[in-house]
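Below is one structure; the comments refer to it alone.
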Amino acid sequence: MTITALTGTGQQTQTIKRPHPLARVIAWELRRFRASRLFWFQALGLFGFLLLMTWALHAPDNFSSARVSNGGSGESLSGFVAGTSAGGLLRTLPTVLVVLALLLPFVTADGVTRDLSRRTHELLMTTALPSWAYVWGRYLAGLVMSLGLALLLLASILGMGWLLHLTVTDYPAPEIGTVLLLWVGMVVSATVLVSSFGFALSTLLPRLSTLVKVVIMVAWIVGALVIPLGLGGDTTLPPAWYVNWDPTSGITARGLLPSYAINPGPSITSEAQFQQFILTVENKMPDLAGWFAPHLLLAGASLVLVLVAALAFKRSRDVLS
């Protein structure tokens, strides 16, 4: 018996639309992150540690021996720079950023090499999934999670800043616009750079994935902490090109700090006036000329490396191993 299915003239044939392959890969990866207890414990631990560091560095620079004239007599004044102000963040943000940069390679670098280590690469490559969607999907999912960790850093600065403002005498509330500018220019650019660099190199060199992570972590520590210490005091200014293009922001912050120097004039005769003077200096909008665009350009250039990794990716495991 033959069965013929008839459709009315008013009915239209509906086709089942499958999700875009890139969207499918991103969804897979985000589900994997969501199901990973280790990742959420790491994120929670990072947020707690960032809050602790922000609290510990809430007064990175204290002034307790300022001597001013007061009717012919000298008076010793004291004051402090708030750690969540612009001047305070330039002193502390490169150090706090190191903590985030050390975690990012473990979030993004193994996006592709994880399948090789788990021996699931051949199974995935037998599907109709395009190679470009496979690589870019894994990268973008890792980048989204990395930017989420960067948001935790922003939340720790603003949250602890407001808590200190409510509990510590004379502690100013964080200037949201200024904090966002420094966060985008220093934290977001560094997050994209480290995530892209680690993912691309690990994809191109899957056997050296662990070495790639170690090299990135060591290089960041040297650039953010060791080199600034080796330059000596704040009076030793690095070259302008180094200030503008330093991806770790350790030298960038060093180059911007002279404009936040505390030099009270003779008109300041009380501790309240002194702290108010510090407040006006530490909350100045940072000068974006020179360094802001280069930081974003470095982050954008790192995307080219991911593109190279996607184009060079081979579906055959024999080529990768």
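The values are calculated or read from the model by the stated rules, or taken from the named source; none is laboratory data. Because the structure is a prediction, the values reported are computed rather than measured. Cβ coordinates were reconstructed from backbone atoms using ideal geometry, including for glycine residues, and neighbour counts include every protein chain displayed. Just so you know, the surface numbers come from the protein's heavy atoms only, side chains and all, with ligands and any DNA or RNA stripped out. Shrake-Rupley method; radii C 1.70, N 1.55, O 1.52, S 1.80 Å.
Structure summary
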| quantity | calculated |
| --- | --- |
| Extent along principal axes [Cα atoms of the stretch 192-265; Å; largest to smallest] | 60, 21, 19 |
| Distance (nanometres) between label positions extended 7 Å along Cα→Cβ at Arg34 and Leu211 | 3.8 |
| Distance histogram in 10 Å bins (all Cα pairs of the stretch 236-307, percent per bin) | 18, 35, 24, 16, 5, 2, 0 |
| Label point distance in nm, Ala59-Ala219, each placed 7 Å from Cα along Cα→Cβ | 4.0 |
| Residues Trp162 and Ala301, FRET efficiency given R0 of 51 Å [Cβ-Cβ distance, rounded to 0.05] | 0.90 |
| P(r) tail fraction, the stretch 136-291 - alpha-carbon pairs more than 19 Å apart, % | 67 |
| Burial ranking of peptide ranges 30-43, 291-304 (average Cβ count within 10 Å, highest at the top) | 291-304, 30-43 |
| Extension gain (nm, one decimal) between Leu237 and Phe49, 0.36 nm per residue minus Cα-Cα | 64.6 nm |
| Share of carbon and sulfur in the accessible heavy-atom surface of the stretch 193-301 [1.4 Å probe, %] | 72 |
| Highest average packing first - 210-221, 133-144, Cβ atoms within 10 Å | 133-144, 210-221 |
| Relative contact order computed over the stretch 74-199 (Cα-Cα under 8 Å; 6+ residues apart), in percent | 43 |
